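Worksheet: one structure, shown below.
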Amino acid sequence: MDAFKPHLSGLAAYPYRKVDAPIKLDQNESPWDLPADLKDRALARMREAAWNRYPDMHAEAVRGRVARVLDWPETGVVVAPGSNFLVLALALAGRRILDTAPSFAYYEGSARLAGTPYRGVALGEGFSLPLEPLLAGMDGEAGVLFVATPHAPTGTVFAEDGLARLADRARERGWILAVDEAYYQFSGTDHRPLARGNPSVVLLRTFSKAFGLGGIRAGYLLGAPEVAVRLQAMLPPFDVPVHTAAILETVLEAPERAAEAGRLLAAERDRVTAALERHPTWRPYPSRANFFLVRTPDAAAAWQGLLDRGILVRRQDHLPGLAGCLRISVGTPQENDALVAAALALR
């Protein structure tokens, strides 16, 4: 088709196939819906809003609440209908993209969509940050480096000193270091100090995980005002609708709910991985996210064995260095008990 840009000809859809199962542990969602009292407050806000009018140009009311909750300059906050839109904006803006491998698939997907040169650097031993190769990769033309911590899909938290060195190199060489903190409520980490003192660092965060709003699609970026303003200009106007803004304003009035969900799921994660240590052939890896990796002798057989018992998880064995691996989201205590029982019945 001659109407489309040539680089789009081989573009593939995001690699996810929906499968129905009674227990869904495949997408790193919160196992708990938004509590009824918060839903009622959000619905009341929606009823009071004028649905015939466009929403705020750039979610100004939500940005203001994020800024107050996180003690961040409002002009340094960008709110979008999903942090994927912010990933795409960074990929469109960057001259090139540097990433770890394996990693969140949409970093590479957004680079392909934008036609931006992309390179993934293999993780180090034990899923460690490949610091020296990344530093070397930042030589030459500047671009955007994506680093998720806790990392997806491994659940690893990277050392602060390594991230600080990357941040310093970004400032020296004109790069942007995009630290994706989608899972920070489960790890007890917070990289605002790193970004507060360095305009070359931006933080990506989401409402989809600990806030329990995966179905709402909303995320935000924290950065220096001069960077945030440029990225905001790349997003369409009126992109956060009235109903989304009402829900976000409501949950931001009670941010302690998300923090508590993070603590509860982290405790469940540790309980489940400890229980799976008893498995004769499966090896669970330490994680600081709301999911964990398990290496099995045969990922296809393990995935199907769990599905036969009503439990859906995510295969990761197609990714470099993850042969035999499944990624398992942390569910409710009852779902987690069912997972452990099903796993221990498999070999």
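Take the convex hull of the alpha carbons in the range 19-63; its mean projected area over all directions comes to 5.7 nm².
Principal axis extents of the Cα atoms in the range 236-306, from largest to smallest and rounded to whole angstrom, are 52, 28, 18.
Per residue, the convex hull around the alpha carbon atoms of the range 148-195 comes to 73 Å³. Measuring nothing but protein heavy atoms, the accessible surface of the range 212-305 at 1.4 Å probe radius is 59 percent carbon and sulfur. Pairs of lysines in the chain whose Cα atoms sit within less than 28 Å of one another amount to 5, provided the residues are eight or more positions apart or on different chains. When its C-alpha radius of gyration is set against 2.2 N^0.38 Å (N residues), the range 214-347 gives a value of 1.36.
Each principal axis of the Cα cloud of the range 291-347 was taken in turn, and the coordinate range along them, longest first, works out to 33, 21, 14 Å.
Using a simple spin-label model with pseudo-atoms 7 Å out from Cα toward Cβ, GLU125 and LEU344 lie 3.4 nm apart.
Using DSSP to define loop residues, name the trypsin sites (Lys or Arg not before Pro) in the range 6-54 whose beta-carbon has at most 13 other beta-carbon atoms within 10 Å.
The qualifying sites are ARG17, LYS18, ARG53.
Kindly provide the GluC sites (Glu not before Pro) of the range 203-279 that DSSP labels as loop, not H, G, I, E or B, and whose Cβ sees at most 14 other Cβ atoms within 10 Å. Passing both the DSSP loop test and the Cβ count: GLU253, GLU277. Based on alpha-carbon atoms, the Kirkwood radius and the radius of gyration of the range 1-89 give Rg/Rh equal to 1.07. All C-alpha pair distances within the range 139-239, sorted into 5 Å bins from zero, spread as 2, 12, 21, 24, 19, 14, 6, 2, 0 percent across the bins. Per residue, the accessible area of the chain comes to 45 Å², computed with a 1.4 Å probe over protein heavy atoms only.
On full extension, the segment bounded by ALA274 and ASP161 gains 37.8 nm, given 0.36 nm per residue less the C-alpha separation. Based on alpha-carbon atoms, the Kirkwood radius and the radius of gyration of the range 71-145 give Rg/Rh equal to 1.02. If you take all other residues with their beta carbon under 11 Å from the beta carbon of ALA245, and give Lys and Arg +1 and Asp and Glu -1, the sum is -1. Bridges between two residues of the chain, per DSSP, are antiparallel at a rate of about 50%. Applying a DSSP loop filter and a limit of 15 other Cβ atoms within 10 Å to the GluC sites (Glu not before Pro) in the range 83-172 leaves GLU141.
The largest-to-smallest principal axis extents of the Cα set in the chain are 54, 53, 48 Å.
Judged by the gyration tensor of its Cα atoms, with axes a ≥ b ≥ c, the range 86-202 is rounded; a/c sits under the 1.5 cut.
At a 1.4 Å probe radius, carbon and sulfur cover how many percent of the accessible area of the range 32-165?
On the range 32-165, the fraction of accessible area on carbon and sulfur atoms equals 55 percent.
The values are calculated or read from the model by the stated rules, or taken from the named source; none is laboratory data. Small disclaimer: the values here were computed from a predicted structure and weren't measured. A quick note on method: Cβ atoms are made from the backbone with ideal geometry, for glycine too, and the neighbour counts reach across all protein chains shown. All accessible areas refer to the heavy atoms of the entire protein, side chains included, with ligands and DNA or RNA removed. Shrake-Rupley method; radii C 1.70, N 1.55, O 1.52, S 1.80 Å.
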